[in-house]
């Protein structure tokens, strides 16, 4: 056996890999501690490429906590320039994924897709199948949220599932996304079956963070099915998992999702508690969370007859969605605004907003959303004097 066969992996590279594995298991604090410790033992002069990868890995580990999106964007763009000059495809894949996270926070799905396409390209050039997994899973999520119509999104999801057949993480991600897309067509039992299959794959993998995905997928499926109580159950289970991990960065959105599920059940006081938690913990540049707390609080206040503030908050929520290309999400926020306007007696404006929502749902191929918008319109128009 020659000396090269006995060569040990570089400790910095091992730390990055280990920290990534810990993050996937939900042990984010420990992953951050390992990266910080490794940085403390190295200097930029040891190996410029590895040191840059280490700094980027640390920034991404606590993205949304002590780092804002502009910090991440700046460091990632600098990393792209540096890794590009050194021909480091592994570093470029990580840096482009960080750019994808920035666009994710802004709910800019097309830009997010383009960034992850670049990450995937460099992972493939590096010949690292494990590194390919992150951008592929991110691209799958974008099919669910983005502007691609439901039928085409389902086709692309199936293509990716076939291309990466045998990879349980990608297979589970495809099942979860396909479930949500299926629910947009009103096929709720099939959607639930797909989520159950995805959950089983993540259980087999022992992927704690991955297990959050079926909770989120089933929450959406149940909300689309009109079962807010079942959606509430899934959010509470997800919050329990996050609390066990000691993970706080994702709790703001989950608190908002819980409040959102409580409103259709007329549990307004409880909803207000969780929406205020979402408001207090949401990062200022987290577009989804900032729209979410405004959306739900608007409904709570409208139920109390506090229409002026409710209408302002509903407008602010929609304004954030208008900067995105998440069609069904934007449509849902418009329907929420329509409910608030209707409660305030502004029926003509409520109908106009509901028509805009219907247009977005139709463009996405979201049959369930379109049906909801049509029902809202029918109720409003029945009340308008002729």
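Laboratory data are not the source of any read-out in this text; all were calculated from the coordinates shown. Here the structure is a predicted model, which means the values were calculated and not measured. Backbone-built Cβ (ideal geometry, glycine too); neighbour counts: all protein chains shown.
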Got a sec? How would 356, 364 order by Cβ neighbour count within 10 Å, fewest to most? 356, 364
Computed FRET efficiency, Cβ-Cβ of residue 280 and residue 227, R0 22 Å: what is it to the nearest 0.05? 0.15
Going highest first, how would you order 162-170, 147-155 by mean Cβ packing within 10 Å? 147-155, 162-170
First measure r as the distance between the Cβ atoms of residue 81 and residue 266, then evaluate 1/(1 + (r/R0)^6) with R0 = 45 Å and state the FRET efficiency to the nearest 0.05. 0.25
Neighbouring Cβ atoms within 10 Å as the yardstick, rank 111, 253, 158, 183 fewest first. 158, 111, 253, 183
Rounded Å value of the spacing that divides the Cα centres of the stretch 263-301 and the stretch 117-136: 37
Quick check on the stretch 290-386: take the gyration tensor over C-alpha atoms, sort the square-rooted eigenvalues as a ≥ b ≥ c, and tell me if it's rounded (a/c under 1.5), prolate or oblate. oblate
Ranking 335, 131 by Cβ neighbours within 10 Å, fewest first, what do you get? 131, 335
